[in-house]
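Colleague: What follows is a single structure, and I will ask about it in a moment.
Derivation of every value follows stated rules applied to the coordinates shown; laboratory data play no part. Just so we're clear, the structure is a prediction, and the values are computed from it rather than from any experiment. Virtual Cβ from ideal backbone geometry, glycine too; neighbours counted across all protein chains shown.
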Amino acid sequence: MEYTIDVFFRQKWKDERLKFKGPMNILRLNNLMASKIWTPDTFFHNGKKSVAHNMTMPNKLLRIQDDGTLLYTMRLTVQAECPMHLEDFPMDAHSCPLKFGSCKYDAYTTSEVTYIWTYNASDSVQVAPDGSRLNQYDLLGQSIGKETIKSSTGEYTVMTAHFHLKRKIGYFVIQTYLPCIMTVILSQVSFWLNRESVPARTVF
């Protein structure tokens, strides 16, 4: 299965070269200036398609604090894979991951770039109250994880956010089970009709 999620993706790191002294503690850079500063080459490992929003202008914001700390925010729409096991359908529950890390084709190893969660699960991954209303599922919550992948070229960090979903059985009772039950009941009505009542039997 695939799912689509609209996110404000925030990354924070420190660059000693960008320390400054001045009347302001925070500098807000426009898109032109932000493109001249190093940013992590983060990508989504299980993403099928990702879109950065550019209307009416690129939805990006880069802030630099006087100690060299940077906060980079982007608005993205990500289409990602979610493996599902349907043995318990329609009373099944699933955990849909969103994995990201350094670009695997030219990735920074853990000795160069290390990803960490700044806060706990509820603060690192926040879901808008009006953004978690799904027709077929209830969002039970979210959790976060981190793993290190080893390869011949080094070790790489992969971050994972899990969205825990449980299927709404009421939806399928109304949309699937009740129509099937009514169809079976109506199909049996013809057996209770008088065999000589041709018009009634024709209707059923």
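Colleague: Distance between Cα centroids, the range 18-50 to the range 170-193: provide it in whole Å.
Modeller: Each part's Cα centre sits 58 Å from the other's.
Colleague: Moving to a separate point now. Can you tell me the length gained on complete extension of the stretch ASN25 to ASN194, counting 0.36 nm per residue apart and subtracting the Cα distance?
Modeller: Going from the current span to full extension adds 51.9 nm.
Colleague: Please give the length that would be gained between ASP88 and ILE169 if that part of the chain were fully extended, namely 0.36 nm times their separation in residues minus their C-alpha to C-alpha distance (nm, one decimal).
Modeller: Gain on extension, ASP88 to ILE169, equals 28.0 nm.
Colleague: Related question: Take the alpha-carbon centre of the range 136-151, take the same for the range 54-90, and report the distance between them in whole Å.
Modeller: Here the answer is 15 Å between Cα centres.
Colleague: Expressed as an acute angle from 0 to 90° and rounded to the nearest 10, what is the orientation of the C-alpha long axis of helix 178-189 relative to the principal long axis of the chain?
Modeller: Approximately 10 degrees, to the nearest ten.
Colleague: Fewest to most neighbouring Cβ within 10 Å: what's the order for ARG167, ARG10, ARG75?
Modeller: Fewest-to-most Cβ neighbours within 10 Å comes out as ARG10, ARG75, ARG167.
Colleague: Take each of the peptides 91-97, 149-155, average the number of other beta-carbon atoms within 10 Å over its residues, and list them starting from the highest.
Modeller: The peptides rank, most packed first, as 91-97, 149-155.
Colleague: Take ASN54 and ARG17, extend 7 Å from each Cα along the Cα→Cβ direction, and tell me the distance between the two endpoints in nm.
Modeller: Going from the ASN54 label point to the ARG17 one covers 2.7 nm.
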